[in-house]
Amino acid sequence: MPAPARAPRGLALYAVVICVLAVAAAVISFVNGRWIGVVWLLLAGLTSNMAWYYHRRNRATAQAAAQEQ
């Protein structure tokens, strides 16, 4: 049975970068007294979950590939 297609490692890294930028935007928004920072926090939460998902998926596929060999 062929191994499932592996997502590029860059997707997890990309999600982490977007998460960090969203947190920085939220801090700047709140410092300036704007409530749009709440939206940035929601985006940070979403991207952190995406990063965790892609990291775990890559690790699981790597372990499955190592066990097949």
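The values are calculated or read from the model by the stated rules, or taken from the named source; none is laboratory data. What you are looking at is a predicted structure, and each value in this text was computed from that prediction instead of being measured. In this analysis, Cβ positions are derived from the backbone assuming ideal geometry, glycine residues included, and neighbour counts consider all displayed protein chains.
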* **Flag for residue 37 being surrounded by fewer than 17 Cβ atoms within 10 Å (Cβ to Cβ), more than 18 Å from the chain's Cα centre (by Cα) and not aromatic (Phe, Trp, Tyr)** => no
* Pairs, first within 17 Å of residue 13 (Cα to Cα) and free of Cβ contacts under 8 Å to residues at least 24 places away in the same chain in region 55-69, second acidic (Asp, Glu) and surrounded by fewer than 13 Cβ atoms within 10 Å (Cβ to Cβ), C-beta under 8 Å, six or more apart -> none
* Asked: For region 40-69, what are the residues that are modelled with pLDDT of 95 or more, surrounded by 15 or more Cβ atoms within 10 Å (Cβ to Cβ) and of a type in the set (S, T, N, Q)?
  -> 47, 48
* To do: Return yes or no: is residue 3 part of a loop (DSSP other than H, G, I, E, B), modelled with pLDDT under 95, of a type outside the set (Lys, Arg) and surrounded by 13 or more Cβ atoms within 10 Å (Cβ to Cβ)?
  => no
* Does residue 8 fit the bill of being within 13 Å of the chain's Cα centre (by Cα) and modelled with pLDDT under 90? -> yes
